[in-house]
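Below: the structure, in structure tokens.
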Amino acid sequence: MRFGGLTAVRSVDFTVNSGEIVGLIGPNGAGKTTFFNCLTGLYVPTEGTVSYKGTVLPPKPHLVTKAGIARTFQNIRLFANMTVLENVLVGRHTRTKEGLWSALLRGPGFKKAEKASEERAMELLEFIGLAHKRDHLARNLPYGEQRKLEIARALASEPGLLLLDEPTAGMNPQETRATEELVFAIRDKGIAVLVIEHDMRFIFNLCDRVAVLVQGEKLVEGTSDVVQADERVVAAYLGEPFEATPEDTQPATEAESTTSTKGEAQ
Amino acid sequence: MTETTETPKTPAAAPAEQRGLIPLPLAAARALLLVGGIATTASTFLPWTWTSDFPGDLTVNGYPGGLQILTLVAGLITVLFALASYGVRGLGWLLPARNNAPLVLTALSGFAVTWYTVLTIAGELGGIVNWEPGTYIAAVASLLPVIGALALPQDATDTTKEALKAYIAKPDRIPAPQATAPWIQRLAITIIAALALTVFAYGIDAEDELFIGFLIVVVFTSWALHSAGLFDRFSHLTATNRSFALAMGFVAAIAFPFTQTNDHYANLGVNILIFGTVALGLNIVVGLAGLLDLGYVAFLGVGAYTAALVSGSEFSKFSGVQFPFWAAALTGAAASLVFGVLIGAPTLRLRGDYLAIVTLGFGEIFRIAVNNMDGVSGPDITNGPNGIPSIPDLSFFGFNFGDSHDIAGFTIGRFANYYLLMVLIMALVITIYRRASDSRIGRSWIAIREDETAATAMGINGFRVKLIAFALGATLAGLAGTVSAHVTYSVVPNPYQFAGAAPPNSAFLLAAVVLGGMGTVSGPFLGAALLYLLPEKLVALQDKSLLAFGIALILLMRFRPEGIIPNRRRQLEFHETGQLDVPETTTLTDEPAITKAGA
Ligand SMILES: Nc1ncnc2c1ncn2[C@@H]1O[C@H](COP(=O)(O)OP(=O)(O)OP(=O)(O)O)[C@@H](O)[C@H]1O
Ligand SMILES: [Mg+2]
């Protein structure tokens, strides 16, 4: 992915398997969020493809969500003036199909679908523990609950792969612990999770596998122990100059950005 | 010589020190309110001038006329609130928060309308010699409640300005209403609907001075009711009795032509309804989906022209064809739909300001194209600037809309017929608006408005749902346009412009939505009623109406950016009051139900 002369993500080949929790770490500006944006179609990668369950995804956000990849944002992007319940209902958009006509005619099918959607949304709110605030406006929630609500909204689209961008940013230790539990619970539902985080303890507790992104390139990928032991990771975080010879990158220097994620959920 | 002595600001002394702006004991203040109110009311039974040259005939002893009636009403309202402040049983609901503001504002209402009358008598008849003793009594009597109100004790403030501000402030918290039986709630809604109809019918008949007096009383009284928290209570009431309130609104709207003896006022009514219905359609596009459309009036034009072309008018290109109304309405709506999609498809890929500019361009293209399709500069379809005149009246099953009909002793004239037809179309449009907004598609519109990127990342096909909003709005405008073509007998290109001195045009439609309250049902109708009636009634303003209108908009955006009837979301967006963060109802969208009769 290039922005003018800046190559934000380069030759990252990356796979998430079903039921896995994978961490994505790297110093500020490494291109982690940009990588997410490429995956979800918010940015059209200059080169490379994203495939999910064996099919290549078009770079259109709504089609990516429909295919089964949902995400949260680093800077919370809830629908601030909608209620908690409405936010989650919007998340169900791709899993419902009542159009304008059925809304205007209000047949039995419409009522059933609305009811089912609401029930499903309430289940999710109960799951994350916000059911008692269903009619509050999202903007009035405390910060930690807003993050949770964003996760519930993403889960409402029934994804096979959930992308979390710094889900514990700005949280206190207890809230971080609770989020950890939440991510495990999400995995237990059979959803693969790819999580960006700067909190190393959080990442190493949680993840089956961790990838390190530095200056847009993947430096190391492996289990927590492997990554923790790797001194280049420490060097990168401490700001040592990084010689671009990572073993994992593809030799073709022309291939600027190959982002390929396979989330083979279920 | 300037010694800088440290004078520590004395902290607001004894807590909750209460005093009035005018130093009077509480008992005296209240007595002034009550006595002044009664005296004001009584003074309207005296003659205020000797000649019946002054409109409304204020010369009759024992019988208030014209502007005196307004003073009478304002005086009575002052008395009611004064009694409520005494804690008279059965009137407590008038002052739920027991604050001073309603008393001050009702007193001001009486004062303002009385002094306006007194001064206009002197001004129009040439000097104060035209005053009668009754005039002096009224002037003094109406001043008393103001003095009394300003003497009411309130928490001490530092400056006079703050003290004055505190006198008209609405309290942060209005106590929750006591539980009342459902039949009482319904009775209250019925009475309010009847009152609203009476006020609207009176206002639409009022001319010149009388209309200004009417405005004075309505503005101050509404403000008083607002500051008392009664509007909040009312919207709570309608929210709990939603269908009943809607039904009463429609009954009141239907009853309106029966209150009128002159068909001219039904003409105003039908134009307001057309204007309001189109504004409600625009509210889908602007208020729900957040798309700033500056060329919306073109869709009204498409509907009107389509209806005119198939109306059987001899000046129509297809003069042989005469569709029945239902077919014409469907054709008009369909033509607008097609135009909506054609214009929306390329433009909706743009966001924000770019979209606004491009829609503005398309709106103007419509008018210019219609102007030129006269067979000289373009194909001969629309007759160019001459338009299509002599559109025949509608006729349903032998019921000719052009004739007067007698129904139960009431004469229903031509415009009243169309008015009733428009009420039906309004009901349809309101139903469509409410159902669409409270559904999956409505939620996706709001989500797009709130954060388009997040919405698409949640799986919403932004372009598609925006196009649906755009096309639905266009269709509804087209539908209203088909009626408007028949009401006005002819269609010409000129009204379908971006901005003009009289509604409907795109700027006025947008203003009606913003003024009334974006994202609500009743807001656009209230906005339309105001924007249509004010230039129509205030003839003196005619050539400066755009200027006045601009000033009014600036003031509104400064003091009440969410519009007169706020949507809960909007209100929170602009004011962090915190009082609304705990929800009362569980509905997804919460427009207060339609309240104004015929508006
Ligand atoms: N839309 C854009 N246009 C231009 N440059 C961009 C854009 N988005 C990101 N960048 C650049 O790409 C680089 C990677 O940014 P990115 O936000 O992906 O970092 P990150 O790893 O998420 O950092 P952080 O940990 O601070 O969130 C940065 O240098 C950033 O300035
Ligand atoms: Mg980031």
Qualifying residue in the stretch A:94-112 (condition: under 20 Å from residue B:431 (Cα atoms), open to solvent by less than 20 Å² (accessible area, probe 1.4 Å) and either in contact with a His (Cβ under 9 Å, 6 or more places away or on another chain) or facing chain B (nearest Cβ under 7 Å) (or both)): yes
Residue that is nearest to ligand 2 (Cβ to nearest atom), among those in the stretch A:5-46 that are in contact with a strand residue (DSSP E or B) (Cβ under 8 Å, 6 or more places away or on another chain) and within 14 Å of chain B (Cβ to nearest Cβ): A:33
Filter pass, residue A:124 being more than 16 Å from ligand 2 (Cβ to nearest atom), open to solvent by less than 10 Å² (accessible area, probe 1.4 Å) and assigned to a helix (DSSP H, G or I): yes
First in the stretch A:214-239 and assigned to a helix (DSSP H, G or I), second anywhere and open to solvent by 20 Å² or more (accessible area, probe 1.4 Å), Cβ under 7 Å, 6 or more apart: A:224/A:204; A:228/A:204; A:236/A:27; A:236/A:242; A:237/A:27
Any pair with Cβ under 8 angstrom, 6 or more apart, that starts in the stretch B:196-212 at a residue that is closer than 22 Å to residue B:234 by Cβ and ends at one that is open to solvent by 60 Å² or more (accessible area, probe 1.4 Å): B:196/B:596; B:197/B:259; B:198/B:259; B:200/B:596; B:201/B:259
Residue A:9 within 11 Å of ligand 1 (Cβ to nearest atom) and surrounded by 22 or more Cβ atoms within 10 Å (Cβ to Cβ): yes
Condition met for residue A:173 (farther than 14 Å from residue A:20 by Cα and within 15 Å of ligand 2 (Cβ to nearest atom)): no
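Would you list the helices (runs of 4 or more DSSP H) that sit entirely within the stretch B:77-167 and hold 2 or more residues that are in contact with a strand residue (DSSP E or B) (Cβ under 9 Å, 6 or more places away or on another chain) and farther than 21 Å from residue B:30 by Cβ? Steps first, please.
Working: elements: B:101-125, B:133-150, B:160-167.
Fully inside the stretch B:77-167 and qualifying: B:101-125, B:133-150.
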Flag if residue A:217 is surrounded by 15 or more Cβ atoms within 10 Å (Cβ to Cβ) and either modelled with pLDDT under 80 or not aliphatic (A, V, I, L, M) (or both): yes
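Kindly indicate whether residue B:424 is open to solvent by less than 40 Å² (accessible area, probe 1.4 Å) and in a helix (DSSP H, G or I).
On the way: open to solvent by less than 40 Å² (accessible area, probe 1.4 Å): no; in a helix (DSSP H, G or I): yes.
Judged against the criteria, residue B:424 is not a match.
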Any hit, the stretch B:327-345, residues being on the phi > 0 side of the Ramachandran plot and in the same structural domain as residue B:491 (by TED's automatic domain parsing): no
Some residue of the stretch A:56-64 being open to solvent by 30 Å² or more (accessible area, probe 1.4 Å), within 16 Å of ligand 1 (Cβ to nearest atom) and touching a helix residue (DSSP H, G or I) at 6+ places or on another chain (Cβ under 9 Å): yes
Some residue of the stretch B:550-566 being in contact with a Gly (Cβ under 9 Å, 6 or more places away or on another chain), modelled with pLDDT of 75 or more and open to solvent by less than 20 Å² (accessible area, probe 1.4 Å): yes
Considering residues of the stretch A:130-170 that are within 16 Å of ligand 1 (Cβ to nearest atom) and farther than 20 Å from residue A:92 by Cβ only, the residue surrounded by the fewest Cβ atoms within 10 Å (Cβ to Cβ): A:170
Failed criterion for residue B:523 (all others in (1) within 26 Å of residue A:105 (Cα to Cα); (2) within 14 Å of chain A (Cβ to nearest Cβ); (3) assigned to a helix (DSSP H, G or I) hold): (2)
Residues of the stretch A:68-90 satisfying the condition of being at the interface with chain B (Cβ under 7 Å from one of its Cβ atoms), more than 15 Å from residue A:164 (Cα to Cα) and under 18 Å from the mean Cα position of the chain (by Cα): A:79, A:90
Some residue of the stretch B:393-409 being part of a helix (DSSP H, G or I), open to solvent by less than 40 Å² (accessible area, probe 1.4 Å) and more than 22 Å from residue B:246 (Cα to Cα): no
Residue in the stretch B:442-450 that is more than 9 Å from chain A (Cβ to nearest Cβ) and crowded, with 22+ Cβ neighbours inside 10 Å present: yes
Selected residue [over 18 Å from the mean Cα position of the chain (by Cα) and among the small types (Gly, Ala, Ser)] from B:252, B:247: B:247
Scan of the stretch A:15-31 for residues that are within 14 Å of ligand 1 (Cβ to nearest atom) and either farther than 17 Å from residue A:210 by Cβ or in a loop (DSSP other than H, G, I, E, B) (or both), ordered by number: A:26, A:27, A:28, A:29, A:30, A:31
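Quick check on my filter: what residues within the stretch B:196-208 are closer than 21 Å to residue B:539 by Cβ and open to solvent by less than 30 Å² (accessible area, probe 1.4 Å)? Steps first, please.
Initial filter on the stretch B:196-208 (closer than 21 Å to residue B:539 by Cβ): B:200-208.
The answer is B:200, B:201, B:203, B:204, B:206.
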Residue among A:149, A:155, A:163, A:124 that alone is within 14 Å of chain B (Cβ to nearest Cβ) and more than 21 Å from residue A:96 (Cβ to Cβ): A:163
Yes/no for residue A:34 being part of a helix (DSSP H, G or I) and open to solvent by 10 Å² or more (accessible area, probe 1.4 Å): yes
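Would you check if residue B:184 is surrounded by 14 or more Cβ atoms within 10 Å (Cβ to Cβ) and assigned by TED's automatic domain parsing to the domain that holds residue B:225?
The answer is no for residue B:184.
The values are calculated or read from the model by the stated rules, or taken from the named source; none is laboratory data. Every value quoted in this text rests on a predicted model; they were computed, and no experiment measured them. Don't worry about glycine lacking a Cβ; one is built from the backbone with ideal geometry, like all the others, and counts go over all protein chains shown. Heavy atoms of the whole protein, side chains included, go into the accessibility calculation; ligands, DNA and RNA do not. Shrake-Rupley method; radii C 1.70, N 1.55, O 1.52, S 1.80 Å.
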